[in-house]
Amino acid sequence: MLGRMDLIRGCAAVAVGALVAGCSSVRYVDTRGGHQGPLAPWEPSVRFAVADDAARHAVDCIILPQFENGVGSDVPTVASVMSEARRAILGQLAIQGLVVLDLAVVDAAASSVGTRAELARALGCDFVLDGTLTELRVDNAGFYSRVAIGVALVLTDVRHGTPLWRADHTAQSHGGGLPISPVSLGMALLEASNNLSDAQRLRVCDELARRLIKTLPAFSGDRSGAGTPDAETSPAEERVQRLDQRVRTVSGEATAYLSIFTIEAERGRHEAAATALLAAGLVFVRDGRSAPASRVLDLLNQGSQAPYRAARDTLERAIQRHSKQENGHASL
């Protein structure tokens, strides 16, 4: 049985949750503009700041080390949440067309160096994106639950020790509500329980990452530097150009794109997954590797959603054009 204080806390949590749900629009607050926080305690906001010269930096790669724990060790899931948030940030960066070095390679290099400058030299990349888990809160009143995950990010040019961009945000999810009948009590208990699932926690991390990376500026040489596609460039190929034509990771171009495909497919983001798979196939075609290009084509054929079909058609045309060029060279 719930005690009196438990009931009071539960009702208060539901009231606050309803207020937050009613004011669910997220404000993006540029802290350099004089605003130091949200307009009200319950109003969700993404705080960010961009250096004046950030756009002039050619961010051709990013190192994403393991996140720092800013919430203490008394939360059982803190290690899992830091890893999930880090991978969510990786996925959003990849979608934006930024090159992120392989996380396993970054972790291995980080274990053998002492500073960020040494890590950058070891990996041949000058830009480090540090993350800190700033909040991890789980409230459960039985018929109502709330999950809150907060992260702060700082992107630094380690050559000069200059922060180019920083942002912080706390994303939340709510489940259940104040029951008014036996039936609504059962529904509230179920919704509150579902809100505490691992899958829901991943969704919170994904939403958190999406909002944070939305404030990242366009750097010279990445998204804003993509060339104008020619007449034969399809919309899918144009999207690949925005992903980045200059992918440079320690594990190889195609492998990087295949890793992005795996992440996005697991999350059900079929458009991003198909685009990454197409990018891998185009890399294979460009390098004259017909066998792996055909295997990518087989993977695309297995996808029933429209993005996979569009990517398959684009890759088929690319393979045919490359084959004609090869045949033309052979006949000379």
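The values are calculated or read from the model by the stated rules, or taken from the named source; none is laboratory data. Everything quoted here is computed from the prediction, not taken from an experiment. FYI the Cβ positions are ideal-geometry reconstructions off the backbone, even for glycines, and counts take in every protein chain you see.
Here's the yes/no breakdown for (1) of a type in the set (A, V, I, L, M, F, W, C); (2) at pLDDT 85 or above; (3) surrounded by fewer than 22 Cβ atoms within 10 Å (Cβ to Cβ); (4) closer than 29 Å to A274 by Cβ:
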position	(1), (2), (3), (4)
S73	no, no, yes, no
P76	no, no, yes, no
A85	yes, yes, no, yes
I89	yes, yes, no, yes
A94	yes, no, no, yes
A104	yes, no, yes, yes
S112	no, no, yes, no
T115	no, yes, yes, no
L123	yes, no, yes, no
Would you mind finding the one in E207, E191 that is in a helix (DSSP H, G or I) and at pLDDT below 70? E191
Filter result (farther than 17 Å from D60 by Cα and of a type in the set (D, E, K, R)) within segment 117-154: E118, E135, R137, D139, R146
Let me confirm something: among A54, A15, which residue is at pLDDT below 85 and out of contact with any Gly (no Cβ under 6 Å at 6 or more places or on another chain)? A15
Got a number for residues in segment 120-157 being closer than 20 Å to L93 by Cα and not in a strand (DSSP E or B)? 5
Return the residues of segment 304-324 that are over 11 Å from H270 (Cβ atoms) and either surrounded by fewer than 17 Cβ atoms within 10 Å (Cβ to Cβ) or outside the structural domain of R286 (by TED's automatic domain parsing) (or both); say none if nothing qualifies. D313, E316, R317, Q320, R321, S323, K324
Check segment 259-271 and report whether any residue there is modelled with pLDDT of 80 or more, in a helix (DSSP H, G or I) and not assigned by TED's automatic domain parsing to the domain that holds V99. yes
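To keep it simple, each residue is scored yes or no on (1) of a type outside the set (A, V, I, L, M); (2) in contact with a helix residue (DSSP H, G or I) (Cβ under 9 Å, 6 or more places away or on another chain).
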residue: S111; (1), (2): yes, no
residue: A120; (1), (2): no, no
residue: D130; (1), (2): yes, yes
residue: V147; (1), (2): no, yes
